[in-house]
Amino acid sequence: MHRPVLLNESIAALNIQTGHLYIDATVGEGGHLWAMLKKGAIVLAIDRDESQITKLREIFNKEKNVIFEHGNFADIKQIAQKRGFNSVSGILFDLGLSNDQLQNRGIGLSYKKNDESLDMRLNIGDHPSAQKLVNTLNEEQLYQIFAKNSEDLNSRQIAHAIVEERKRKSLEKVNDLVILIKKVVSNSPNGSIARIFQALRIEVNNELKNLESALKDAPLLVQSGGRIVVISFHSLEDRIVKQFIKKNQLKQLSKKIIKAGREHFSFERSAKLRVIVI
């Protein structure tokens, strides 16, 4: 079981009380869940990736204090109420991808997996794949996705290059897009490659809108004095969390953001943890 980034910090932030109800809204590979159960929590574990829920049901099949639910945390209010978790002591959102998804799923989430298909759907039933987007959207639509979801300075040029390239052949594999971006950004292209892949993944999985929906409903489920813990991995996510706190005049446990250190995987080093007290 992969150890999540900021595991100790997030569990401490939840201030878990034995026998109280909690929601792990992004259960992933179960690292946070394991630690929450060890502290005596009763947990509703949610994930939009059905394969991860299936694996965890097998791993925790003898555990009585967890209920698993395959679903999108954008629907957290409905899922929680259906399962009797309409008044909980804390909710955890870990917005990162799991190591298993990046390394083993074969859906093109990592730009280092050259031969994987440009899919990126965490739930096959959701939305068009990244491959469909890059091969069907017009230049302006692609530019808007890249600019909005990555803020990469080369978004316009990359969008134009994609439209020109697909006149010759469709973009189907990770490496097709990587090679194209390297042609556009010849000097230190990896930053742009990572940001464009991020932009497509966000669009395919509707990540930012889902986060806004989840944050809107989460306080309705948390008891007074309870906590909402959010681990974000890029500035767009963190900005949504900050704006949510400010707009709703919520209390943040500490103004100092907890950040990941260099001992973590490269994709985890941007992690930031915020704690909201209801």
Three-way shape call for the stretch 136-194 based on the alpha-carbon gyration tensor, with the a/c threshold at 1.5: oblate
Pairwise Lys count, the stretch 124-211 - Cα closer than 19 Å, eight or more residues apart or different chains: 11
Residue exposure sequence - 176, 152, 115 - by fewest surrounding Cβ within 10 Å: 115, 176, 152
Label-point separation in nm, residue 148 to residue 277, each point 7 Å along Cα→Cβ: 3.7 nm
Proximal charge balance of residue 238 [Cβ under 9 Å; K/R count +1, D/E count -1]: +3
Placed amide H near residue 173: partners under 5 Å, 5+ positions off or other chain: 118
Residues 32, 20, sorted so that the one with the fewest Cβ neighbours within 10 Å comes first: 20, 32
Full-stretch length increase - residue 67, residue 170 - with 0.36 nm per residue and alpha-carbon distance subtracted: 32.8 nm
Relative exposure of 94, 24, 49, judged by other C-beta atoms within 10 Å (fewest first): 49, 94, 24
Label-point gap, in nm, between residue 141 and residue 7 - each point 7 angstrom along Cα→Cβ: 4.3 nm
Extension gain, residue 220 back to residue 252 (0.36 nm per residue minus Cα-Cα distance, nm): 9.8 nm
Around residue 25: net Lys/Arg minus Asp/Glu count, Cβ-Cβ under 9 Å: -3
Mean separation of Cα contacts under 8 Å (6+ apart) over length of the chain, as relative contact order %: 20 percent
Cleavage-rule hits, trypsin sites (Lys or Arg not before Pro), the stretch 164-255, DSSP coil, Cβ neighbours within 10 Å at most 14: 167, 168, 169, 255
Within the stretch 1-106, trypsin sites (Lys or Arg not before Pro) in DSSP loop having at most 10 other beta-carbon neighbours inside 10 Å: 62, 64
Choice from 222, 184, 204 with maximal GNM fluctuation in the chain (Cα, 10 Å cutoff): 184
Neighbour net charge for residue 147 - beta-carbon separation under 14 angstrom, K R +1, D E -1: -2
The stretch 1-74 versus the stretch 195-217: alpha-carbon centroid distance in Å: 21 Å
Reach of residue 82 by Cα under 19 Å, taken over lysines that are not fewer than 8 positions away in the same chain: 64, 216
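Only the coordinates and a few stated rules stand behind these numbers; no lab work does. In this text, all values refer to a predicted model and were calculated from it rather than measured experimentally. Here Cβ is always computed from backbone atoms with ideal geometry, including for glycine, and neighbour counts include all displayed protein chains.
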